[in-house]
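J.: Below you will find the structure I want to go over with you.
The values are calculated or read from the model by the stated rules, or taken from the named source; none is laboratory data. None of these values were measured; they are calculated from a predicted model. Positions of Cβ are generated from backbone atoms using ideal geometry, with glycine treated the same way; all protein chains shown enter the neighbour counts.
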Amino acid sequence: MRLFVAGSSARSQDMIHALRRTCRQGLGPATELEVVDIFQQPDLAERNGVVAAPTLVRLSPAPVRRLVGDLSDPERVLRAMALGPGAA
């Protein structure tokens, strides 16, 4: 998965740590989370169709899925990424 953030503020860092924990607990320790700062890599954000931050992108398995905005609810994140209980 790839997480697009805007800068490296304390709030961004807290969100990254919480999301890593969600991935580790919900998907296992082998789950990779790539963090991309849209200010440092705007071309990568554009290629991925990212227009707002934070945006979480599940690249595989297909289809690609995106969750934009509030990533604080672990169940919502896993459900939106179609990875947790109740995922469609």
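J.: Taking the residues in region 38-88 that are of a type in the set (Asp, Glu) and modelled with pLDDT of 95 or more as candidates, determine which candidate is surrounded by the fewest Cβ atoms within 10 Å (Cβ to Cβ). Give the steps one after another, and end with the answer.
T.: Applying the first criterion (of a type in the set (Asp, Glu)) to region 38-88 yields 43, 46, 70, 73, 75.
Okay, now just the ones that are also modelled with pLDDT of 95 or more, so 43, 46.
Working: ASP43: 8, GLU46: 11.
Ranking the qualifying residues of region 38-88, first place goes to ASP43.
J.: Right, next: Which of (1) outside any helix (DSSP H, G or I); (2) out of contact with any strand residue (DSSP E or B) (no Cβ under 6 Å at 6 or more places or on another chain) does VAL50 not meet, given it meets every other one?
T.: Checking VAL50 against (1) outside any helix (DSSP H, G or I); (2) out of contact with any strand residue (DSSP E or B) (no Cβ under 6 Å at 6 or more places or on another chain), the one that fails is (2).
J.: Any residue at all in region 3-20 that's of a type in the set (Phe, Trp, Tyr), surrounded by 13 or more Cβ atoms within 10 Å (Cβ to Cβ) and modelled with pLDDT of 90 or more?
T.: From region 3-20, those of a type in the set (Phe, Trp, Tyr) are 4; that's our starting set.
So of that shortlist, the ones also surrounded by 13 or more Cβ atoms within 10 Å (Cβ to Cβ) come out as 4.
Filter once more, keeping what is modelled with pLDDT of 90 or more: 4.
Yes - at least one qualifying residue is present in region 3-20.
J.: Take the residues in region 21-37 that are exposed (fewer than 15 other Cβ atoms within 10 Å of the Cβ) and within 16 Å of LEU71 (Cα to Cα); name whichever of them is farthest from the chain's Cα centre (by Cα). Step through it out loud before you land on a result.
T.: Kept after step one, since they are exposed (fewer than 15 other Cβ atoms within 10 Å of the Cβ), are these residues of region 21-37: 21, 24-25, 28-32, 34.
Imposing the further condition that a residue be within 16 Å of LEU71 (Cα to Cα) reduces the set to 21, 24-25, 34.
Working: ARG21: 12, ARG24: 13, GLN25: 15, GLU34: 8 Å.
So the residue we want is GLN25.
J.: Among the residues in region 24-46, are any in contact with a Ser or Thr (Cβ under 7 Å, 6 or more places away or on another chain) and not in a strand (DSSP E or B)?
T.: Let us first name the residues in region 24-46 that are in contact with a Ser or Thr (Cβ under 7 Å, 6 or more places away or on another chain), namely 24, 37.
From what is left, the residues that are not in a strand (DSSP E or B) are 24.
Looking for residues that are in contact with a Ser or Thr (Cβ under 7 Å, 6 or more places away or on another chain) and not in a strand (DSSP E or B), one finds at least one in region 24-46, hence yes.
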